[in-house]
1. What number of residues in the stretch 125-155 are within 20 Å of residue 36 (Cα to Cα) and touching a Gly at 6+ places or on another chain (Cβ under 9 Å)?
2. Among the numbered criteria (1) in contact with a strand residue (DSSP E or B) (Cβ under 8 Å, 6 or more places away or on another chain); (2) open to solvent by 10 Å² or more (accessible area, probe 1.4 Å); (3) more than 24 Å from residue 41 (Cβ to Cβ); (4) not charged (D, E, K, R), which one does residue 122 miss?
3. Looking at the stretch 9-23, is at least one residue open to solvent by less than 60 Å² (accessible area, probe 1.4 Å) and aromatic (Phe, Trp, Tyr)?
4. For the stretch 53-73, does any single residue satisfy the condition of being outside any loop (DSSP other than H, G, I, E, B), of a type in the set (A, V, I, L, M, F, W, C) and surrounded by fewer than 23 Cβ atoms within 10 Å (Cβ to Cβ)?
5. Among the residues of the stretch 24-44, which ones are of a type outside the set (Gly, Ala, Ser), open to solvent by 30 Å² or more (accessible area, probe 1.4 Å), in a helix (DSSP H, G or I) and in contact (Cβ under 8 Å) with a residue 12 or more places away in the chain?
6. Determine whether the stretch 147-160 contains at least one residue that is surrounded by fewer than 21 Cβ atoms within 10 Å (Cβ to Cβ) and of a type in the set (Asp, Glu).
7. So is residue 102 open to solvent by less than 10 Å² (accessible area, probe 1.4 Å) and out of contact with any helix residue (DSSP H, G or I) (no Cβ under 7 Å at 6 or more places or on another chain) or not?
8. Need at least 2 residues that are among the small types (Gly, Ala, Ser) per element, so show me which strands (runs of 3 or more DSSP E) inside the stretch 96-178 make the cut, counting only ones lying wholly within it.
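The values are calculated or read from the model by the stated rules, or taken from the named source; none is laboratory data. Computed from a prediction, not measured in an experiment: that's the story for all the values here. Don't worry about glycine lacking a Cβ; one is built from the backbone with ideal geometry, like all the others, and counts go over all protein chains shown. Only protein heavy atoms, including side chains, enter the accessible area calculation; ligands, DNA and RNA are left aside. Shrake-Rupley method; radii C 1.70, N 1.55, O 1.52, S 1.80 Å.
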Amino acid sequence: MTVRSVTESLKSELERFGEANDQATIERSRRMLNITRDTGEFLSLLVRATGARRVLEIGTSNGYSTLWLAEAARATGGRVTTVESSAYKIGLASTTFARSGLGSFISLVHDDAGPVLQRSDGDAFDFVFLDSERTEYPGWWPQLRRVLRAGGLLVVDNAISHLEQIAPFAALVKADPLFTTSLVPVGNGELLAVKSSA
C-alpha cells in the first residue's frame, strides 16, 4: 500500500472514532474535537498553494488534522511541528503518526503552546494552524505574530462555530496593520490572516 492509501484509510478511521468518541464523552479533555474533512482538504490546499515548509499546529488531539498538514508538507518538502498539552492525546497522536507513514514529516511536542512559542525564533514558521484553547489565543498573540514570517499565513479554526470565543482574538488580529484577514465558511469557519512584509 502507498503512504497515500494508508493515510486515507487512517483518516477515515479517525473520523469514525472521533465522532463516536465525542458523542459518548462529555469531558472536554477526552473529546477529540477534530476538524471536519472539508477543513482538512482546505488546510492541505493552503499549505501547498503557499509552498509552506515550516508548519506549526497548536492543538494536536489524536493527530487527524496533523495528517492533512503533514501530507501537504511532504509535498512542499517541509514538515509539521504539532503541539499538544494533554498526555492522553499525545499517546493517541503518537500511535496515529506511527501508523501513517508520515512520521518523518512530523515533530510532536508535548508542552503548553505558550512556552513553545516563546522558545521559537522570530519568523520561524510559514504557516500556523490554531485549534486549541480559544481563551488563550489573545495572550499568545504577541508570540504568534512574532514567530510567523512575513508573507506567512495564520489559520484559526472554529471562527464561526465559536464566534463569541474567537471574537477577542479576531479583533486583535484585524486591528494589526501588518495583517490582512478573511473569514472563510469552510467546516466550522476558518479565520485566515496573512502577515505583510512591510
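1. Qualifying residue count for the region: 7.
2. Unmet for residue 122, out of (1) in contact with a strand residue (DSSP E or B) (Cβ under 8 Å, 6 or more places away or on another chain); (2) open to solvent by 10 Å² or more (accessible area, probe 1.4 Å); (3) more than 24 Å from residue 41 (Cβ to Cβ); (4) not charged (D, E, K, R): (1).
3. The answer is no, given that none of the residues of the stretch 9-23 is open to solvent by less than 60 Å² (accessible area, probe 1.4 Å) and aromatic (Phe, Trp, Tyr).
4. Looking through the stretch 53-73, none of the residues is outside any loop (DSSP other than H, G, I, E, B), of a type in the set (A, V, I, L, M, F, W, C) and surrounded by fewer than 23 Cβ atoms within 10 Å (Cβ to Cβ).
5. Listed by number, the residues that qualify are 30, 37, 38, 41, 42.
6. No, the stretch 147-160 has no match at all.
7. Working: open to solvent by less than 10 Å² (accessible area, probe 1.4 Å): yes; out of contact with any helix residue (DSSP H, G or I) (no Cβ under 7 Å at 6 or more places or on another chain): no.
So residue 102 fails the test.
8. Numbers: elements: 106-110, 125-130, 148-156.
Output list reads 148-156.
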